[in-house]
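The values are calculated or read from the model by the stated rules, or taken from the named source; none is laboratory data. These numbers come from a predicted model, not from an experiment. Cβ atoms come from the backbone with ideal geometry, glycine included; neighbour counts cover every protein chain shown. Heads up: the accessible areas ignore ligands, DNA and RNA and are worked out on the full protein's heavy atoms, side chains in. Shrake-Rupley method; radii C 1.70, N 1.55, O 1.52, S 1.80 Å.
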Amino acid sequence: MGASSNSPGLRRLLQNLAAIDDVNPALGQRIRMPVGDDHVIGSSNARPRLKLGRDSRELFFPVLDHNLPKPQEDAHQVLVFGIGLGEGLAALLQRDPRSHVTAWERDPWMLRLALSRQDLRQEIRSDRVRFLLGPDVIEIRGREFDSVVQHPLLGGVYAREWAFAQAPENTPCILICEGELFVNDLDEAFREQGWATYTWEVSRLAPEELSL
């Protein structure tokens, strides 16, 4: 991540990973796998940007932009779809101590960035937040949540995966390599024929993650 071993971000990342290892060691290993990072400009900066085609967009959003649900008197289940830098997730956990959060992120590098910026050790170990990565999105199918929070930018970037999560559990799936123009047309055509689609980032993910 371009940070020294003494940087607060790296220490926070390692501490969060140790907490994940305690509750889900397989996920901890997956987060540590080699992954491409050239799609994020200035990962170690305060306000990194995500490449979107020939353009780029800032990844940090004020908490108000996340449309967080109001705190509830009773425990309730919240889905965070697209974690980004984790500012929305951290705010949600802090403002609503009764909430139990399932947090999904497609991109292992993005999840690393969030874990390097937010101290979530206590929430991870107490099972107040449970992370899902990439193809784990299939675990969301058929589940009901009291509230859903989509990342202001990534909610749109991950629209294909959101449609996948909303599809009936027996819907057949096609993996579509990342891309634009023709790829998006192909994706739309398959979905019109009743298939669910999922983005296969062949140029960025570790072989083990691609196999999973």
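Observations on the model:
- Expressed per residue, the C-alpha convex hull volume of the range 86-134 stands at 65 Å³.
- Within the range 157-212, the proportion of C-alpha pairs whose separation exceeds 13 Å stands at 60%.
- Length released on extending from Leu64 to Ser211, taking residue separation times 0.36 nm less the Cα-Cα span: 49.2 nm
- Accessible surface area normalised per residue over the chain is 52 Å², counting heavy atoms of protein chains with a 1.4 Å rolling probe.
- Annotation: extensible slack from Ala189 through Gln15 equals 58.2 nm (criterion: 0.36 nm per residue apart, minus Cα-Cα distance).
- Overall Cα dimensions of the chain - principal axes, largest extent first, Å: 46, 42, 33
- Mean Cα-pair separation over length for the chain, i.e. relative contact order, pairs under 8 Å, 6 or more apart, %: 21
- The chain: DSSP helices with Cα axial extent of at least 20 Å and average Kyte-Doolittle hydropathy no lower than 0.0: 8-23
- By the equivalent-ellipsoid construction on the alpha carbon gyration tensor, the range 70-175 comes out with semi-axes of 22, 17, 12 Å, ordered largest to smallest.
- Per atom type, the range 1-126 shows carbon and sulfur on 47% of its accessible surface, probed at 1.4 Å.
- Cβ-based net charge around Trp195, under 15 Å, with every Lys or Arg adding one and every Asp or Glu removing one: -3
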